1. Go through (1) open to solvent by 50 Å² or more (accessible area, probe 1.4 Å); (2) among the aromatic types (Phe, Trp, Tyr); (3) within 25 Å of LEU181 (Cα to Cα) for TRP102 and report which single condition fails.
2. For residues that are more than 20 Å from GLU166 (Cα to Cα) and open to solvent by 30 Å² or more (accessible area, probe 1.4 Å), tally how many sit in region 140-156.
3. Here are some conditions: (1) within 14 Å of the chain's Cα centre (by Cα); (2) within 19 Å of GLY170 (Cα to Cα); (3) modelled with pLDDT of 50 or more. ASP76 meets all but one. Which one does it not meet?
4. Identify, by number, the condition in (1) at pLDDT below 95; (2) within 18 Å of GLU173 (Cα to Cα) that ARG138 doesn't meet.
5. Hand me the list of strands (runs of 3 or more DSSP E) wholly inside region 112-181 holding 1 or more residues that are of a type in the set (Lys, Arg).
6. Can you spot a residue in region 95-107 that is over 24 Å from LEU123 (Cα atoms), modelled with pLDDT under 50, part of a loop (DSSP other than H, G, I, E, B) and small (Gly, Ala, Ser)?
7. Could you tell me whether region 159-180 includes any residue that is farther than 27 Å from GLN53 by Cα, modelled with pLDDT under 95 and buried (at least 17 other Cβ atoms within 10 Å of the Cβ)?
8. Being surrounded by fewer than 18 Cβ atoms within 10 Å (Cβ to Cβ) and out of contact with any strand residue (DSSP E or B) (no Cβ under 8 Å at 6 or more places or on another chain): is that true of SER119 here?
Amino acid sequence: MLKGKNIITGIFSPLTLFSNLIVKITEILACNHIFICTFAPNIIVYLMNTKKQKLELEYPLNARKPDILWTFMSTDHGLERWVADRVNEANGVMELTWGDLWGEHHTMHARIMEREKNSHIKLKWVDETDPEAYWEMRIGRSELTEEVCLCVTDYSLPDDIDDLHELWDGNLERLHQSSGL
């Protein structure tokens with residue numbers, strides 16, 4: 001037995017092996033896990049146990065007051081303008097959907113860990129396995145220019161950190177386009 005490893009096993013018939021493998025790999029990659037596949041007759045074993053790296057970003061914005069930014073980062077309607085195609089909040093959980101709701105799409109759920117008005121919102125993906133990983137958006141001020149800034153903290157595997165940075169850059173570009181901030 002492997003100590004300290006999460007092991008998920010699945011038994012698949014030969015006809016569904018390939019399609020189920022693609023689904024599982026997609027799920028694992030979407031959750032930012034590293035995986036190792038060991039093939040035996042009709043058995044796939046996934047080993048997942050990697051520490052994620054913290055990414056901290058600061059984006060200066062054209063906002064005189066934090067109120068407008070707060071609405072964009074803390075409400076389902078605001079997040080729909082720049083983070084996901086569809087966002088719904090219920091019982092402290094944000095449901096974020098990307099893609100065509102009636103066609104091909106991907107949905108993830110994030111539990112709201114902290115929310116302080118005009119300050120920050122901290123979320124954790126429901127299926128996150130790294131106990132230290134979360135994502136947070138915080139309203140701050142630049143030390144140099146005194147401009148209002150959006151400070152983002154997020155976690156990713158070391159090999160995916162550049163992709164995560166690009167994802168947030170793209171999100172902020174959509175925020176600028178949709179709001180002028």
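1. In the conditions (1) open to solvent by 50 Å² or more (accessible area, probe 1.4 Å); (2) among the aromatic types (Phe, Trp, Tyr); (3) within 25 Å of LEU181 (Cα to Cα), TRP102 misses (3) alone.
2. Number of matching residues: 6.
3. Unmet for ASP76, out of (1) within 14 Å of the chain's Cα centre (by Cα); (2) within 19 Å of GLY170 (Cα to Cα); (3) modelled with pLDDT of 50 or more: (1).
4. Here ARG138 clears every test but (1).
5. 120-125, 135-141
6. Looking through region 95-107, none of the residues is over 24 Å from LEU123 (Cα atoms), modelled with pLDDT under 50, part of a loop (DSSP other than H, G, I, E, B) and small (Gly, Ala, Ser).
7. Yes, region 159-180 contains at least one residue that is farther than 27 Å from GLN53 by Cα, modelled with pLDDT under 95 and buried (at least 17 other Cβ atoms within 10 Å of the Cβ).
8. Answer is no for this residue.
The values are calculated or read from the model by the stated rules, or taken from the named source; none is laboratory data. The structure displayed is predicted, hence computed values, not measured ones. In this analysis, Cβ positions are derived from the backbone assuming ideal geometry, glycine residues included, and neighbour counts consider all displayed protein chains. These area figures cover heavy atoms from the full protein model, side chains too; ligands, DNA and RNA do not enter into them. Shrake-Rupley method; radii C 1.70, N 1.55, O 1.52, S 1.80 Å.
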